[in-house]
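What follows is a single structure, written as structure tokens, with notes after it.
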Amino acid sequence: MLIDRQHISEHCAWLVLVVVASLSAAAWYAFHGFATGQLPGGASAPGLVFGVVSGAIMLFEFLLWPRKHFRVWRVGMVKTWLRAHIWLGLLTVPLILLHSGFAWGGQLTTILAWLFIAVIASGIFGLIMQQWLPKLMLDQLPAETIVSQIDNVAQNLYAEAEQLVAAVCGLDLEELSASRTGEFITSAPGNETEATVGPRYVTIGAVRQVGNLQGRVLQTQVIEQIPGSQPLASAFTQDIAPFLIGGSEHSPLADPGKANNYFQRLRTALDPQTHETIVVLESYCDQRRQFNRQRRLHRLLHGWLLIHLPLSIVLIVLMFIHVFMALKYR
């Protein structure tokens, strides 16, 4: 849910509601305090109303979770629920403060207060993350894909790279597939053996970028075997293939600077005819790095819910206990 210049008009009415309701509640609280000569507590008329309204809002806030998961419910638009969730949740802050009479109370109310603070803080943190992280991902991750499909897309990158390297080096795919199990190809210097094969038709995803979006266009190319390209096969099985498949952060290809030096050394060691292939492999590794960063940012963007939702459930349960205890010992 964005709150920026483009979407601010959608939030104006909610902002006015929160401000007016907060000022009205504060005015009533102050008037009652002057009339009685003491700060109203939770058992006072305004304190009781503020507590009931806050509790009702909290129950409504919690209903957002089933509303988002059961989209067949035709009870308002999800965007409307989200706006109400944000602004009504903020409204509970002054209402709860006035309900408490600016005092912590007993052990249960103190626990409730800290839980409430944690829930509000985690919600604000999540809202802030939603304001800039998606834009950051759009600007800096042109190869962004669906998070749940990252492993599948990375597997496709590996399969295409494997076909390309096998064709350039004149090897069978089986000789390169050992990278999956860690049985890498090694050859003693001067004993490189290359199969003599004819041109191969290889389909690869050529990278194309339009604005901030990067995509892959499938192209079928005729790849000729290039003599003396055994170091490319070794580099692929030892470093490139494992990184494309697993995306290990410990790989030298996980760092853009080290990856640039790695591929530059590879170009220096190989025939210029292989440079086009190296450019493709380098672009695949760059996409894999983007997938790694996307996954990290995705955890940051949604990980706060692992705190916010469980604490909200505990808060709701303790709220009912608080109501029961207040009615029992009033």
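The values are calculated or read from the model by the stated rules, or taken from the named source; none is laboratory data. Since the model is a prediction, treat every value here as computed from it, not as a measurement. When we count neighbours, we look across all protein chains shown, and the Cβ atoms used for this are built from the backbone with ideal geometry, even at glycine.
This table checks each residue for (1) in a loop (DSSP other than H, G, I, E, B); (2) crowded, with 18+ Cβ neighbours inside 10 Å.
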{"position": "G76", "(1), (2)": "yes, no"}
{"position": "L88", "(1), (2)": "no, yes"}
{"position": "T92", "(1), (2)": "no, yes"}
{"position": "M129", "(1), (2)": "no, no"}
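Provide a single number: the residues in segment 241-276 that are in a loop (DSSP other than H, G, I, E, B) and either among the charged types (D, E, K, R) or closer than 20 Å to A166 by Cβ (or both).
If we filter segment 241-276 for residues that are in a loop (DSSP other than H, G, I, E, B), which is where we start, we get 247-251, 255, 270-271.
Filter again for either among the charged types (D, E, K, R) or closer than 20 Å to A166 by Cβ (or both), leaving 249, 255, 270-271.
The total comes to 4.
Quick check: is even one residue across segment 43-60 in the same structural domain as S100 (by TED's automatic domain parsing), among the polar types (S, T, N, Q) and either surrounded by fewer than 16 Cβ atoms within 10 Å (Cβ to Cβ) or at pLDDT below 90 (or both)? No. In the set (1) assigned to a helix (DSSP H, G or I); (2) of a type in the set (S, T, Y); (3) surrounded by 15 or more Cβ atoms within 10 Å (Cβ to Cβ), T145 fails one condition alone, (1). Could you tell me whether segment 122-132 includes any residue that is within 30 Å of G51 (Cβ to Cβ), free of Cβ contacts under 8 Å to residues at least 40 places away in the same chain, of a type in the set (G, A, S) and not assigned by TED's automatic domain parsing to the domain that holds I240? No; the residues of segment 122-132 include none that is within 30 Å of G51 (Cβ to Cβ), free of Cβ contacts under 8 Å to residues at least 40 places away in the same chain, of a type in the set (G, A, S) and not assigned by TED's automatic domain parsing to the domain that holds I240. Among (1) touching a Ser or Thr at 6+ places or on another chain (Cβ under 7 Å); (2) assigned to a helix (DSSP H, G or I), where does S312 come up short? All conditions are met except number (1).
Answer yes or no: is there a residue in segment 192-201 that is part of a strand (DSSP E or B) and either over 30 Å from I57 (Cβ atoms) or at pLDDT 90 or above (or both). Write out each step before concluding.
So the first thing to find is which residues in segment 192-201 are part of a strand (DSSP E or B), and the list is 200-201.
Checking the rest, the ones that are also either over 30 Å from I57 (Cβ atoms) or at pLDDT 90 or above (or both) come to 200-201.
Within segment 192-201, one or more residues are part of a strand (DSSP E or B) and either over 30 Å from I57 (Cβ atoms) or at pLDDT 90 or above (or both).
When segment 257-281 is examined, which residues are found to be touching a helix residue (DSSP H, G or I) at 6+ places or on another chain (Cβ under 8 Å), under 26 Å from D151 (Cα atoms), of a type outside the set (A, V, I, L, M) and modelled with pLDDT under 95? T277, the sole residue that qualifies.
Scanning segment 284-298 for residues that are over 19 Å from the mean Cα position of the chain (by Cα) and of a type in the set (A, V, I, L, M) turns up nothing.
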